[in-house]
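Participant: Here it is, the structure, as structure tokens.
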């Protein structure tokens, strides 16, 4: 059953998707399927988005130009993909102009843009999370590490670092190196001038995204992201190398615990603090091992938008009308409207440039063979561009995200890797073990 429409004859609306990655490609792809969707614009977009939208050559962080464009074109719904324009107040500007926007205002987006703010919020509202300390100087942070046992610990840049500001250090030396890199070497710019050092929690990560309209919140199916670069979850953290949904370890019983101890307290905390949150709220959760000093699900991070690659996994599973859901969120009317998801499995695999998340080459021509299962998967563009010959070329670290859904995990994996192997560019890299934990559970 789809979301009910009060007026099925309502006019189509213009839609603006802000951003240029695979997340925005996936969101635009789903939004364009709505009966409410008129012209869909993407700013600045990418070559994949160019096929289904009109591209507006405006940077995602150019708040004034985006606001002027939305007013001039009479955009009926703006969907903000990345974190930077949220932190800069794009939602505030659009709402002040009387335009519908899916994405929180800057004050609420601080749940992502400031890790100290998020930690203080969780402590204030009794939301389970790892113990931590924040530091404004490397000397103080290093002295603190010197007093800690030589065991795993987590170092985080306090600000926005495009998913690369977290170091899960296996020992004190790695943690000290992470502090120096962020605070002394300036690897993350202003985002790393302050750091958070928090307890390491051993366990399994699960992501829960939720639609929120300021007063009600509706969780989406669980997703497990693969943040480490290397197979077997080794190597540095990245923006994400692949994901899958649903996640068997996230049982209905566990979902009830998360709802009662994390999701609803977060919503109540936002209301208590006067933060009107309308958009997608991302809960990065850790499910601790049985012998961990932390028991029960713990929040390791909030994000103030759809995750990437989580969006690429979830959009193929969404049966309900995304435009209607987002308008309901923007208008504060989500409560009581069912959101329907397909009873299937979705998987995505990120194809990255060799060297990512460090130095990598751009400008490499991308070619694609015809996969054996034509039309059974989607290739969402991320770091791509066009050269003078109109060939698609690499333009970023994460180049494409390939997604597929099927009735079983095994079938979805077959489809997604069939498409991945058909895409070629020099030094292309992807993990071959996406969903390895879930496969192990299947055959245990």
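The values are calculated or read from the model by the stated rules, or taken from the named source; none is laboratory data. Nothing here was measured: the structure is a model prediction, and the numbers come from that model. Here the Cβ positions follow ideal geometry from the backbone for every residue, glycine too, while neighbour counts run over all protein chains shown.
Participant: Identify all residues within segment 267-293 that are within 19 Å of residue 87 (Cβ to Cβ) and either part of a loop (DSSP other than H, G, I, E, B) or touching a strand residue (DSSP E or B) at 6+ places or on another chain (Cβ under 7 Å) (or both); write none if there are none.
Facilitator: Passing the criteria: 273, 274, 275, 276, 277, 278, 279, 280, 281, 282, 283, 284.
Participant: Taking the residues in segment 190-216 that are outside any strand (DSSP E or B) and touching a helix residue (DSSP H, G or I) at 6+ places or on another chain (Cβ under 9 Å) as candidates, determine which candidate is nearest to residue 87 (Cα to Cα).
Facilitator: Here the answer is 191.
Participant: Also: Any chance you could count how many residues in segment 82-106 are outside any helix (DSSP H, G or I), touching a strand residue (DSSP E or B) at 6+ places or on another chain (Cβ under 9 Å) and over 19 Å from residue 38 (Cα atoms)?
Facilitator: Total meeting the criteria: 4.
Matching residues to (1) closer than 29 Å to residue 58 by Cα; (2) surrounded by fewer than 19 Cβ atoms within 10 Å (Cβ to Cβ); (3) outside the structural domain of residue 289 (by TED's automatic domain parsing):
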site	(1), (2), (3)
85	yes, no, yes
91	yes, no, yes
108	yes, no, yes
120	no, yes, yes
146	no, yes, yes
154	no, no, yes
159	yes, no, yes
170	no, yes, yes
191	yes, no, yes
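Participant: Go through segment 58-81 and give me each residue that's more than 23 Å from the chain's Cα centre (by Cα), surrounded by fewer than 18 Cβ atoms within 10 Å (Cβ to Cβ) and either assigned to a loop (DSSP other than H, G, I, E, B) or assigned by TED's automatic domain parsing to the domain that holds residue 308 (or both).
Facilitator: 73, 74
Participant: Can I ask one more? Filter segment 398-412 for residues that are part of a helix (DSSP H, G or I) and surrounded by fewer than 22 Cβ atoms within 10 Å (Cβ to Cβ); which is nearest to the chain's Cα centre (by Cα)?
Facilitator: Of the residues in segment 398-412, the ones part of a helix (DSSP H, G or I) are 409-412.
With the extra rule that they be surrounded by fewer than 22 Cβ atoms within 10 Å (Cβ to Cβ), the set shrinks to 409-411.
On the way: 409: 21, 410: 24, 411: 25 Å.
So, considering only residues that are part of a helix (DSSP H, G or I) and surrounded by fewer than 22 Cβ atoms within 10 Å (Cβ to Cβ), the one nearest to the chain's Cα centre (by Cα) is 409.
Participant: Would you check which residues across segment 413-437 are within 23 Å of the chain's Cα centre (by Cα) and farther than 24 Å from residue 27 by Cα and list them?
Facilitator: 428, 429, 432, 433, 436, 437
Participant: Given 239, 235, 296, which one is in a loop (DSSP other than H, G, I, E, B), closer than 25 Å to residue 154 by Cα, modelled with pLDDT under 95 and outside the structural domain of residue 155 (by TED's automatic domain parsing)?
Facilitator: Answer to the selection: 239.
Participant: Would you check which residues across segment 431-444 are buried (at least 20 other Cβ atoms within 10 Å of the Cβ) and within 18 Å of residue 379 (Cβ to Cβ) and list them?
Facilitator: 431, 434
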